[in-house]
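Student: Pasting a structure below so you can have a look.
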Amino acid sequence: MKLDRRSLLGLLGASAGGACATTPTQAADATVAFSHGVASGDPDQTSAVFWTRVTPSAPDAGDIVVGLEVARDPGFADIVVRRDDLIASAERDFTVKTDLDGRGLQPGLTYHYRFTAAGVTSPVGQVRTLPEGATADVVLAVASCQLYPGGLFNAYEAMAGLERLDAVVHLGDYIYEYGAEADDYGMTTGAALGRIPQPPHEIVTLADYRTRHALYKSDPDLQAAHARAAFICVWDDHEVANDTWMGGAQNHQPETEGDFAQRKAAALRAYYEWMPIREAAPGRLKEAINRSFHFGDLVSLIMVETRLLGRTEALSYGQLTLQPDGAPDVAAFLARRAEPSRDLLGEDQRRWLGAELAASRQAGRPWQVLGNQVVTARVRGPDVTKMLPAEQISALLTTLPDDVRGQVEAAIGLFRLGLPFNLDSWDGYPAGRERLYQTFQEAGVEPIMLAGDSHAFWVNELHDDSGRRAAVEFGTSAISSPSPGDQVGGLPLGPALMMANPEEVRFCDQASKGFILLTLTPDHATAELRAVSTIRAKPFEVSTVARYTVPRTDTGLGPLQPG
């Protein structure tokens, strides 16, 4: 399948299955514009959140009255909701967000929506409400990790062109906090493509986070995906700063960047302003974005939060101490990693999750799907010295840039010791993961885990400490963020991880970029790992790098089946 901008726009204009991403109507002397498109999110059976941003011609503009129309048809002949009382103001960076709260929409139907302000009409988006009762199938796209300077958002163009798409599940790293210096993350590609972060420094203040969100939503491919279907989102770390946890972040330096709580508050305020997500209920923490969505009698999608509510600080390999003989003290490091206090969810969220899972099972839904940010599987780093001849490893290392070569050499040495591949994932929190699996068992479910964060595709079987199968996992690669496989030349990292972890890792692609298309029916769940051929140019090709199906049986999930 080959996609380019012209063919996609033709599809969107002609197909009932595509979003109606029309050009906004604007008078010659218009005082506003809809430069950031439209979006919907958090759908339920009778409602959804509708979002846009009105760009005023003057930065000191006052309040702007905004209208919303929702119709059954793309021509807006059959309007079911008309609101003319929304206000875009500087207080919320001129973003507008409204939840219809059960007014006017019916379950399981597609609606079209648009905004108006000062005589200007926005692009048109579409949203599908959640079904009620008997449901034949559900089709979800799963996305994560979109670094603006990292490359073009071609995966979103591919997503927007899908004939069937009920919702997009976004697992975080919607924005990144880094600046535009030559050595900043992704800037080698960003400079070549002219995709320069704004503001050009690392974001810390509310104004910074707002500007960065505005930059991302100026991307036409991301706009097209938002117009195509509702997004159901959670954040990961980069919406605040790299490797965020309850009390700080790896990429936050209090000496120069101030109080972390203030930075987090600014990041969350901008996130709620710029994302089509429901506001936190009165008395509920803004950090608590864990919530559930029920697709008729078929699927419960449960979104968890693994960064700000209950995550303890991640370990790093820099904390690996030496024994008296100078050898790394691996046993002491792994004992520290296994401490019972180490967790990602926290006890309150885990109790909530258990109740949601049990309620879904009692309601008779065959599928429980967890929207979870990071990879869950046990993944040991591969000992490539046992997989490749020393001469071949040396030859591969010589092809790498100097700074990358040193990191890869260090990783090779660490992974020879049997250490985990990623300490920031669930593998850095084994006690918390075991409590998670216990929650599944107590609820009587064997769910599907979704994962982002890793910039790689995964298909995993998950087992608890006793060897009991707890769940299956589908991990999506990045939209555009650099993958580990990009950095290691010809080293076959994905196959090496599969060889090192045969009990859990069924498939791993550490280089492709793209998204997962997840289709669920009463009998089967099918994950198609969709990759784009390039993120550096258009047009591009779309291919399926792997396809796995898991059947639903009377006793739980059946075996993962490729093809």
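Student: Restricting to the stretch 163-179, give me the number of residues that are open to solvent by 20 Å² or more (accessible area, probe 1.4 Å) and either more than 15 Å from G151 (Cβ to Cβ) or of a type in the set (K, R) (or both).
Tutor: 2
Student: I've got another one for you. Exactly one of these conditions fails for R212: (1) surrounded by fewer than 20 Cβ atoms within 10 Å (Cβ to Cβ); (2) of a type outside the set (D, E); (3) in a helix (DSSP H, G or I). Give me its number.
Tutor: So the condition that R212 fails would be (1).
Student: Also: Looking at S454, is it polar (S, T, N, Q), under 30 Å from L222 (Cβ atoms) and in contact (Cβ under 8 Å) with a residue 60 or more places away in the chain?
Tutor: It is true that S454 is polar (S, T, N, Q), under 30 Å from L222 (Cβ atoms) and in contact (Cβ under 8 Å) with a residue 60 or more places away in the chain.
Student: So, one more: State whether one or more residues within the stretch 324-334 are of a type in the set (D, E) and more than 27 Å from the chain's Cα centre (by Cα).
Tutor: Within the stretch 324-334, one or more residues are of a type in the set (D, E) and more than 27 Å from the chain's Cα centre (by Cα).
Student: If we keep just the residues of the stretch 267-284 that are open to solvent by 10 Å² or more (accessible area, probe 1.4 Å) and of a type outside the set (A, V, I, L, M), which is farthest from Q126 (Cα to Cα)?
Tutor: G283
Student: Is it the case that some residue within the stretch 324-331 is more than 28 Å from E473 (Cα to Cα), surrounded by fewer than 17 Cβ atoms within 10 Å (Cβ to Cβ) and among the charged types (D, E, K, R)?
Tutor: yes
Student: For the subset of the stretch 76-97 comprising residues that are part of a loop (DSSP other than H, G, I, E, B) and without any contact (Cβ under 8 Å) to a residue 12 or more places away in the chain, which member is most open to solvent (accessible area, probe 1.4 Å)?
Tutor: Step by step, filter the stretch 76-97, then rank; the result is A77.
Every residue, every condition in (1) touching a His at 6+ places or on another chain (Cβ under 7 Å); (2) charged (D, E, K, R); (3) more than 20 Å from R278 (Cβ to Cβ); (4) surrounded by 18 or more Cβ atoms within 10 Å (Cβ to Cβ), yes or no:
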residue: D99; (1), (2), (3), (4): no, yes, no, no
residue: L105; (1), (2), (3), (4): no, no, no, yes
residue: T110; (1), (2), (3), (4): no, no, yes, no
residue: P131; (1), (2), (3), (4): no, no, no, yes
residue: C145; (1), (2), (3), (4): yes, no, yes, yes
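Student: Hand me the list of helices (runs of 4 or more DSSP H) wholly inside the stretch 250-340 holding 3 or more residues that are under 30 Å from F440 (Cα atoms).
Tutor: Once the helices (runs of 4 or more DSSP H) in the stretch 250-340 are filtered for at least 3 residues that are under 30 Å from F440 (Cα atoms), what remains is 330-337.
Student: Here is a follow-up. Please list, ordered by first then second residue, the pairs with beta carbon atoms under 7 Å, 6 or more apart or interchain, first in the stretch 478-497 and free of Cβ contacts under 8 Å to residues at least 24 places away in the same chain and more than 16 Å from E409 (Cα to Cα), second open to solvent by less than 40 Å² (accessible area, probe 1.4 Å) and of a type in the set (S, T, Y).
Tutor: Nothing qualifies.
Student: Can you name the condition, by its number, that E446 falls short on among (1) open to solvent by 20 Å² or more (accessible area, probe 1.4 Å); (2) assigned to a loop (DSSP other than H, G, I, E, B); (3) more than 24 Å from A527 (Cα to Cα)?
Tutor: The number of the failed condition is (3).
Student: Please go through the stretch 63-99 and give me each residue that is touching a strand residue (DSSP E or B) at 6+ places or on another chain (Cβ under 8 Å) and of a type in the set (D, E), ordered by number.
Tutor: D63, E69, D73, D78, D84, D85, D93, D99 - these are the residues of the stretch 63-99 that are touching a strand residue (DSSP E or B) at 6+ places or on another chain (Cβ under 8 Å) and of a type in the set (D, E).
Student: Continuing with the same structure: Quick one: is G432 over 20 Å from P328 (Cβ atoms) and part of a helix (DSSP H, G or I)?
Tutor: The answer is yes for G432.
Student: When only residues in the stretch 342-388 that are among the polar types (S, T, N, Q) and at pLDDT 95 or above count, which is farthest from P551 (Cα to Cα)?
Tutor: Q349
Student: Would you check which residues across the stretch 437-461 are closer than 22 Å to S360 by Cβ and charged (D, E, K, R) and list them?
Tutor: E442, E446, E461
Student: Would you confirm whether or not the stretch 236-249 contains a residue that is among the acidic types (D, E), in contact with a Ser or Thr (Cβ under 6 Å, 6 or more places away or on another chain) and either crowded, with 24+ Cβ neighbours inside 10 Å or in contact (Cβ under 8 Å) with a residue 24 or more places away in the chain (or both)?
Tutor: Checking the stretch 236-249: at least one residue is among the acidic types (D, E), in contact with a Ser or Thr (Cβ under 6 Å, 6 or more places away or on another chain) and either crowded, with 24+ Cβ neighbours inside 10 Å or in contact (Cβ under 8 Å) with a residue 24 or more places away in the chain (or both).
Student: Among the numbered conditions (1) closer than 20 Å to L436 by Cα; (2) touching a residue at least 40 places away in the same chain (Cβ under 8 Å); (3) surrounded by 14 or more Cβ atoms within 10 Å (Cβ to Cβ), tell me where S341 comes up short.
Tutor: The failed condition is (3).
Student: Taking A470 as meeting all but one of (1) closer than 28 Å to L400 by Cα; (2) buried (at least 22 other Cβ atoms within 10 Å of the Cβ), write down the number of the exception.
Tutor: Evaluating A470 over (1) closer than 28 Å to L400 by Cα; (2) buried (at least 22 other Cβ atoms within 10 Å of the Cβ) leaves (1) as the failure.
Here's the yes/no breakdown for (1) surrounded by fewer than 20 Cβ atoms within 10 Å (Cβ to Cβ); (2) not acidic (D, E):
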| residue | (1), (2) |
| --- | --- |
| S481 | no, yes |
| V488 | no, yes |
| L491 | no, yes |
| F515 | no, yes |
| D523 | yes, no |
| P539 | yes, yes |
| P551 | yes, yes |
| L560 | yes, yes |
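Student: Pairs only if they're at least six apart or on different chains, beta carbon under 6 angstrom, first in the stretch 180-201 and touching a residue at least 60 places away in the same chain (Cβ under 8 Å), second among the aliphatic types (A, V, I, L, M); list them, first residue then second.
Tutor: Note: pairs meeting the criteria are G186/L147.
Student: In addition: Looking only at the stretch 512-560, which residues are touching a strand residue (DSSP E or B) at 6+ places or on another chain (Cβ under 9 Å), part of a strand (DSSP E or B) and at pLDDT below 95?
Tutor: Those that are touching a strand residue (DSSP E or B) at 6+ places or on another chain (Cβ under 9 Å), part of a strand (DSSP E or B) and at pLDDT below 95: R552, G556, L557.
Student: In the stretch 378-407, which residues are touching a residue at least 60 places away in the same chain (Cβ under 8 Å) and either crowded, with 20+ Cβ neighbours inside 10 Å or under 30 Å from R469 (Cβ atoms) (or both)?
Tutor: Matches in the stretch 378-407: R378, V379, R380, G381, P382, D383, V384, M387.
Student: Please state which one of V369, V374 is of a type in the set (V, I, T), within 23 Å of H238 (Cβ to Cβ) and either in contact with a strand residue (DSSP E or B) (Cβ under 9 Å, 6 or more places away or on another chain) or open to solvent by 10 Å² or more (accessible area, probe 1.4 Å) (or both).
Tutor: None of the other options fit; the residue is V374.
Student: Going by the conditions given, is L423 surrounded by fewer than 22 Cβ atoms within 10 Å (Cβ to Cβ), within 27 Å of the chain's Cα centre (by Cα) and not in a helix (DSSP H, G or I)?
Tutor: Yes.
Student: Let me ask something additional. Give the residue that is farthest from Y437 (Cα to Cα), with candidates limited to residues of the stretch 466-480 that are in contact with a helix residue (DSSP H, G or I) (Cβ under 6 Å, 6 or more places away or on another chain) and in a loop (DSSP other than H, G, I, E, B).
Tutor: S480
The values are calculated or read from the model by the stated rules, or taken from the named source; none is laboratory data. Just so it is clear, the model here is predicted, and its values are computed rather than measured. No Cβ is skipped: glycine too gets one built from the backbone with ideal geometry, and neighbour counts run over all protein chains shown. Only protein heavy atoms, including side chains, enter the accessible area calculation; ligands, DNA and RNA are left aside. Shrake-Rupley method; radii C 1.70, N 1.55, O 1.52, S 1.80 Å.
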